[in-house]
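The values are calculated or read from the model by the stated rules, or taken from the named source; none is laboratory data. The shown structure was predicted, so the numbers you read here are calculated from the model rather than taken from an experiment. Counting neighbours? That spans all protein chains shown, and the Cβs are built from the backbone with ideal geometry, glycine included. In case anyone asks, the SASA skips ligands and DNA or RNA and just uses the protein heavy atoms, side chains included. Shrake-Rupley method; radii C 1.70, N 1.55, O 1.52, S 1.80 Å.
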Amino acid sequence: MRPRIVRAAICSFLAVLTLAKISFADEPRLDPNVAPTSQAVELTLDSDQENYTGAVTIRLHVTKPAREFLFHAEEMTLDKVELSGAAGAIPVTVAEAGDRGTQKATVEKELAAGDYTLKIAFSKPYNTKAVGLYRVMYEGRGYLYTQFESLDARKAFPCWDEPIYKIPWQMTITVPMQQEAVFNTPIEKEIQNANTKTYVYRKTPPTSSYLIAIAAGPLESVAITGLSVPGRVYTCKGQKKLAKHAASITPEILVALEKYFGTKYPYEKLDLIAVPEYWPGAMENPGLITYSDKILLIDPTAASLAQKQAVAMVTIHEVAHMWFGDLVTMAWWDDLWLNESFADWLAVKLMPELYPQYGYETHELAQLNNVMTQDANASTTKIRRKVDSGGDIWEDVGLAYEKGRTVLKMVESFIGPDQFQQGVRTYLNDHKWGNAVAADLFSELADASGKNLEPILASYLDQAGFPLVSVQVEPNGMVSLSQKRFRNAGASVPEQTWSVPVRLKISDGKNVQTRVVVLDKPTKQVEVAGKIDWVMPDQDGVGYYRWVVPAEMMMKIANDPDATMSKRERTRFLGNARALLNAGEITGDEYLAIASSMASHPEPEIISSVVDDLGSLKVPFVTPELEKPFAAYVRKTLEPARARYGIEPRSDDPEEVRLLRPGLITFLGIEGRDPDVIRYCESVTEAYMKDPASVDATIAGAALGVAAANGDKARFEQFKAKFEGATVPADRSRYLSALGKFTDPAIQDEVLAYALSGKVRVMDRWQLTGGMFATQSGRDKLFAWMTKNYDQLAGGLPTEFQALMPYMASGCEQQRLDAAKKFFEEPAHRVDGTEATMSKVSEQIGDCLTLREREGKAVASYLRTLAP
C-alpha cells in the first residue's frame with residue numbers, strides 16, 4: 001500500500017497519516033483453534049443502488065474441541081447463519097463480542113476436532129467513507145470499489161480478517177447486464193440471466209482477507225500488452241484514454257522485478273484500476289492493484305515529469321508487493337513495516353535503472369529528510385513494535401516507508417548487493433504462499449552474507465529515533481567517533497546506543513580513503529595513517545544518522561562540494577545541516593551561509609534541496625516583519641540558479657532541470673515575490689485556462705499556484721469554475737491545489753466555505769485546504785474552520801483519520817496550540833488516537849518556538865544584512 005506516496009498526489013491532510021497513532025482497545029484476536037481452510041463469497045451488486053446482499057460459505061477446521069469461536073462481520077445484518085459438520089446441521093447462535101465487528105458463535109454441544117462448514121447470508125448498505133466495499137459517484141454514475149487493509153474486509157462480508165488466515169477464495173459476483181465486475185483472479189465462467197450476469201472467478205491461491213479486491217460498475221478498460229500474464233487497466237467510463245501510459249510502462253517494470261526476484265510473476269493476471277475516491281494512494285491486491293485516479297491516469301503528451309515519476313514509482317512499489325507481501329505475507333501487523341519498507345526500497349533501487357530521466361533520487365532524499373525530522377521528535381516510535389490491534393498499524397507508519405527503506409539500503413551497502421539479493425530470494429522461496437516474520441528474512445540475509453546483522457537491525461528497529469555521530473580529529477592522528485541520540489535542542493530523550501555502520505571518507509587534502517566502522521559503543525577511535533584535512537562520515541549518503549564535524553571542517557566540505565562529495569552526498573549534506581540547526585549544533589546564520597554557498601552549485605538536484613530546506617525555515621523564522629528581507633534573501637540565493645536555468649522551459653532542457661523548475665518558480669514567485677516570475681506565471685495561467693495542452697505540464701501546477709498566491713477574487717472564481725469543469729484528474733488536481741494557495745484572508749474564508757459546499761469530494765477537502773498551512777492567517781483560519789465544523793468534517797472520515805484532526809493546529813503559534821488542547825480535551829472531539837496526535841502537535845509547535853527563540857535574532861540579523 002502507498003498511503004503516503006507521492007504525497008503531492010495525495011491530499012495534504014492524509015499525508016500526516018505518517019504521524020498518527022490509531023488504536024482500538026479491547027479487540028480480541030481470533031482463536032486459531034477454529035480456523036478457515038477456504039472461503040466462497042457470493043455477492044449481488046448494483047452500483048446504482050445503496051445496498052447489497054451476499055452469502056459466504058467458509059470451510060472450517062477445529063483443532064481441539066470447542067464450544068465457541070470468533071469471526072468478523074461489521075456494519076451488516078446477518079440474515080441467516082448455519083453451521084454443519086459430518087453429522088449434519090448444528091444449532092448455532094451469534095452475538096457481537098467486541099469492537100471492530102468481532103462476532104462470537106456459540107454451540108450447545110461441544111464441537112469435536114474435525115471439519116465444518118459455516119454459511120452466512122447477509123445484507124448491508126455500501127460503505128460511503130472509502131473503506132470496506134464502498135460506493136462512489138463519478139459524473140453521475142455509481143461505482144463500487146474495495147479497500148480492506150487493515151481491518152475492513154469485515155465491513156464487506158463475514159470472514160476471518162487477520163493476515164495469518166491465508167486461504168483460497170472463490171468469488172461469484174452478480175451485476176446488472178450493463179455493468180462490469182473485476183476480482184483478483186480471471187473469470188472462470190459467465191452466466192447470462194434475464195437482466196443480470198453472474199461472473200464466477202477462478203479460485204485464488206492462498207490469500208489473506210486484506211488483499212481481496214473487487215470493483216464493479218460501468219467500467220471500461222485498455223489491455224496491457226507485453227506482460228507474461230494477461231492484464232488490463234480499468235477506469236471509470238470515459239477515462240480509458242488516460243490509461244495508456246500506465247499500460248505502456250507496466251511490462252518493463254514486471255520484467256525488472258522478475259529479474260530481481262529470480263522467479264516469474266506469481267499470479268494469473270495483473271490488472272490496474274483507477275479509483276476516483278481512494279485515500280491510500282495505491283494498494284497491492286494480487287492481480288488487481290488499486291490506485292487513486294490522479295496517480296494512475298495521465299495524458300503522456302501533457303503530463304509533468306513529476307506525474308510520470310509518481311506512476312512509475314507507485315507501480316514498481318505495488319508490483320514488488322506481489323512477491324514481498326502477497327506471495328509471502330506477514331503473520332501479523334507487527335511486520336507491516338517490513339512489507340512497506342522493502343517495496344519502497346526496491347522501487348527506489350529500480351527507478352534509476354528503469355527511468356533515469358525522472359531523477360527520482362531528489363524526491364527520495366526529500367522524503368528521507370522529512371521522515372528524519374519526524375523521527376527526531378521525542379514522541380517518535382520505534383519501527384518494530386507490538387501491535388495489539390490491526391488498527392494500531394497506522395501509528396508512525398511513515399517510518400515503515402522512508403526510515404525502513406533507508407535502514408534496508410544501509411544494510412545492503414554493508415553486506416553487498418549480491419548477498420542481499422540472494423538472501424531475499426531464499427526467503428521468498430522458503431516461505432512462498434505462506435506467512436513469515438521479519439526474523440525469517442534477517443536470518444537469510446545473515447546466512448547469505450556471513451555477517452551478524454542482529455545488532456545493527458535490533459538497534460534501528462527496536463529503538464525510537466536515530467544517532468548523531470560526532471567526529472573529532474585527535475592530535476595523534478586518530479579519528480574519534482562518538483554517538484548519542486539525535487535530539488532537537490531542548491528536547492528530553494533517553495540515552496541510547498546504536499550499532500551504526502559508519503562509512504567514513506577521509507581526505508589528506510589530495511587523496512581520499514574510505515573506511516567502514518561499526519560504531520557499537522558510545523565512542524570509538526579509528527587509526528588513520530597520514531595527514532587528515534577533513535572527514536565526511538556518510539560515504540554514498542546511505543546512513544540513517546545525522547553527523548557533525550568541527551565548524552571549520554564543515555565549511556571546508558561545503559565550500560568545495562565537487563571535490564569533497566558525490567551528488568547524493570551533497571544533497572544529504574544539506575539536509576544534515578538543516579537538522580543540525582534544529583539540534584542547536586550550528587547557528588541560524590551559519591546554516592543560511594551554508595545554504596547560500598551550496599545554492600551557487602550548478603547541480604539542479606542541489607538547488608532542489610536548497611529550496612526544500614529554505615522552505616522549512618519560513619514557519620519558525622519568517623514573521624510578518626521579516627517577509628520582505630526573507631524574500632530578498634530568496635531572490636539573492638536563487639538568482640544564480642534562475643540565471644543558469646531560466647524559468648521558461650526549453651526544448652533542450654535536461655530532465656533534472658525540468659524537475660527543478662517547478663520548485664524554483666514556486667519559491668521565487670511566492671516566497672521571493674519576484675515580479676518577473678509572477679508576471680510569467682500570470683501569462684502561463686491565462687494560456688493554461690484557455691488550453692491546458694498549450695502549456696508545458698512540468699510548470700503548469702507551479703504557475704497556477706503562484707497566480708493564486710498573488711491572485712484576487714476574480715482569479716479565485718476562474719479557478720473554481722475550471723476545477724468544476726475539469727475532466728482530466730491532473731487538471732482537477734492542479735486547480736484544487738491552487739485554490740488553497742490564495743493568501744488574501746477574505747478569499748481564504750471563501751476557500752473554506754467552498755470545501756463544504758458539496759462541490760468538493762470529502763477526500764479532496766484536505767488537498768484543497770493544504771496550501772493554507774503556508775501562511776499564519778491561513779493556519780489560524782483553518783483551525784477555526786475545523787473547530788466550527790468538526791462534526792461534519794470528522795463524520796465524513798473513516799475512524800482512523802478522525803484522530804488526525806489535531807494536526808489542523810500545526811504551526812508555530814502558542815495561542816492556537818492552547819486552543820487546540822482545550823478543544824480536543826472535550827469527549828465529543830476525541831477518538832482513540834487523538835491524545836497521541838495532540839502530543840505530537842504540541843511537540844512540533846514547542847520545538848518550533850524553541851528554535852525561533854534561540855536563533856530568531858541571528859536569522860533576522862543575517863536577513864537584514866542582505867535586505868535592510
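Table for the structure above
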{"quantity": "Matching residues in the stretch 311-349 - criterion: being within 24 Å of A243 (Cα to Cα) and either outside any helix (DSSP H, G or I) or open to solvent by 10 Å² or more (accessible area, probe 1.4 Å) (or both)", "calculated": "H321, M322, V348"}
{"quantity": "Criterion: out of contact with any Asp or Glu (no Cβ under 9 Å at 6 or more places or on another chain) and part of a strand (DSSP E or B) - qualifying residue of A215, A246, A274, A181", "calculated": "A181"}
{"quantity": "Given (1) assigned to a helix (DSSP H, G or I); (2) open to solvent by less than 10 Å² (accessible area, probe 1.4 Å); (3) of a type outside the set (D, E, K, R); (4) over 28 Å from G140 (Cα atoms), number of the condition F742 does not satisfy", "calculated": "(1)"}
{"quantity": "Residue in the stretch 648-655 that is part of a helix (DSSP H, G or I) and either surrounded by fewer than 19 Cβ atoms within 10 Å (Cβ to Cβ) or within 31 Å of the chain's Cα centre (by Cα) (or both) present", "calculated": "yes"}
{"quantity": "Count of residues meeting criterion [within 29 Å of G701 (Cα to Cα) and of a type outside the set (S, T, Y)] in the stretch 256-283", "calculated": "11"}
{"quantity": "Enumeration of residues in the stretch 161-176 that are assigned to a loop (DSSP other than H, G, I, E, B) and under 21 Å from K432 (Cβ atoms)", "calculated": "E162, P163, I164, Y165, K166, P168"}
{"quantity": "Residue in the stretch 245-263 that is farthest from L296 (Cα to Cα), counting only those that are surrounded by fewer than 23 Cβ atoms within 10 Å (Cβ to Cβ), of a type in the set (G, A, S) and in contact with a helix residue (DSSP H, G or I) (Cβ under 8 Å, 6 or more places away or on another chain)", "calculated": "G262"}
{"quantity": "Candidates A97, A8, A87, filtered to the one that is out of contact with any strand residue (DSSP E or B) (no Cβ under 9 Å at 6 or more places or on another chain), modelled with pLDDT under 95 and surrounded by 15 or more Cβ atoms within 10 Å (Cβ to Cβ)", "calculated": "A8"}
{"quantity": "So D31, is it open to solvent by 80 Å² or more (accessible area, probe 1.4 Å) and closer than 21 Å to Y210 by Cβ", "calculated": "yes"}
{"quantity": "Extreme residue, nearest to L305 (Cα to Cα), among residues of the stretch 675-684 that are touching a helix residue (DSSP H, G or I) at 6+ places or on another chain (Cβ under 7 Å) and open to solvent by 10 Å² or more (accessible area, probe 1.4 Å)", "calculated": "V684"}
{"quantity": "Among the candidates K237, K264, residue that is out of contact with any Ser or Thr (no Cβ under 8 Å at 6 or more places or on another chain), of a type outside the set (V, I, T) and assigned to a loop (DSSP other than H, G, I, E, B)", "calculated": "K237"}
{"quantity": "Residue in the stretch 100-116 that is farthest from G758 (Cα to Cα), counting only those that are surrounded by 15 or more Cβ atoms within 10 Å (Cβ to Cβ) and touching a residue at least 40 places away in the same chain (Cβ under 8 Å)", "calculated": "L111"}
{"quantity": "Residue within the stretch 836-855 that is within 28 Å of R487 (Cβ to Cβ), surrounded by fewer than 21 Cβ atoms within 10 Å (Cβ to Cβ), under 25 Å from the mean Cα position of the chain (by Cα) and at pLDDT below 90 present", "calculated": "yes"}
{"quantity": "Every residue from the stretch 280-302 that is closer than 17 Å to C236 by Cα, open to solvent by 10 Å² or more (accessible area, probe 1.4 Å) and either at pLDDT below 90 or among the aromatic types (F, W, Y) (or both)", "calculated": "D299"}
{"quantity": "Extreme residue, surrounded by the fewest Cβ atoms within 10 Å (Cβ to Cβ), among residues of the stretch 475-497 that are among the hydrophobic types (A, V, I, L, M, F, W, C) and closer than 29 Å to R854 by Cα", "calculated": "A489"}
{"quantity": "Pair list, Cβ < 8 Å and 6+ apart or interchain, from the stretch 427-446 residues that are open to solvent by 40 Å² or more (accessible area, probe 1.4 Å) to residues that are small (G, A, S)", "calculated": "N435/A331; V437/A331"}
{"quantity": "Check on P230, touching a residue at least 40 places away in the same chain (Cβ under 8 Å), outside any strand (DSSP E or B) and either more than 26 Å from S248 (Cβ to Cβ) or in contact with a strand residue (DSSP E or B) (Cβ under 6 Å, 6 or more places away or on another chain) (or both)", "calculated": "no"}
{"quantity": "Number of positions in the stretch 502-538 that are open to solvent by less than 60 Å² (accessible area, probe 1.4 Å) and either free of Cβ contacts under 8 Å to residues at least 12 places away in the same chain or under 17 Å from V549 (Cα atoms) (or both)", "calculated": "20"}
{"quantity": "Qualifying residue in the stretch 198-212 (condition: part of a loop (DSSP other than H, G, I, E, B) and touching a Lys or Arg at 6+ places or on another chain (Cβ under 6 Å))", "calculated": "yes"}
{"quantity": "In the stretch 194-244, the residues that are within 26 Å of P729 (Cβ to Cβ), buried (at least 17 other Cβ atoms within 10 Å of the Cβ) and of a type in the set (K, R)", "calculated": "R232, K240"}
{"quantity": "Checklist (1) in a helix (DSSP H, G or I); (2) open to solvent by 10 Å² or more (accessible area, probe 1.4 Å); (3) at pLDDT 90 or above; (4) under 25 Å from A306 (Cα atoms) applied to L659, failing item", "calculated": "(3)"}
{"quantity": "Residue count for the stretch 486-512, restricted to those that are more than 15 Å from M410 (Cα to Cα), touching a Ser or Thr at 6+ places or on another chain (Cβ under 8 Å) and not in a loop (DSSP other than H, G, I, E, B)", "calculated": "3"}
{"quantity": "Out of S737, S757, sole residue that is of a type in the set (S, T, Y) and assigned to a helix (DSSP H, G or I)", "calculated": "S737"}
{"quantity": "Condition met for A687 (open to solvent by less than 40 Å² (accessible area, probe 1.4 Å), at pLDDT below 95 and either among the basic types (K, R) or part of a helix (DSSP H, G or I) (or both))", "calculated": "no"}
{"quantity": "Test for A583: is it surrounded by 15 or more Cβ atoms within 10 Å (Cβ to Cβ) and out of contact with any Lys or Arg (no Cβ under 6 Å at 6 or more places or on another chain)", "calculated": "yes"}
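Residues are listed down the side, and each one gets a yes or a no for (1) over 28 Å from the mean Cα position of the chain (by Cα); (2) at pLDDT 95 or above; (3) more than 30 Å from A331 (Cα to Cα); (4) among the polar types (S, T, N, Q):
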| position | (1), (2), (3), (4) |
| --- | --- |
| I191 | yes, yes, yes, no |
| R202 | yes, yes, no, no |
| T207 | no, yes, no, yes |
| I212 | no, yes, no, no |
| A215 | no, yes, no, no |
| L219 | no, yes, yes, no |
| L227 | no, yes, yes, no |
| P230 | yes, yes, no, no |
| V233 | no, yes, yes, no |
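To keep it simple, each residue is scored yes or no on (1) farther than 20 Å from V275 by Cα; (2) among the acidic types (D, E).
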{"residue": "W160", "(1), (2)": "yes, no"}
{"residue": "N184", "(1), (2)": "no, no"}
{"residue": "E190", "(1), (2)": "yes, yes"}
{"residue": "N195", "(1), (2)": "yes, no"}
{"residue": "P205", "(1), (2)": "yes, no"}
{"residue": "S221", "(1), (2)": "no, no"}
{"residue": "V233", "(1), (2)": "no, no"}
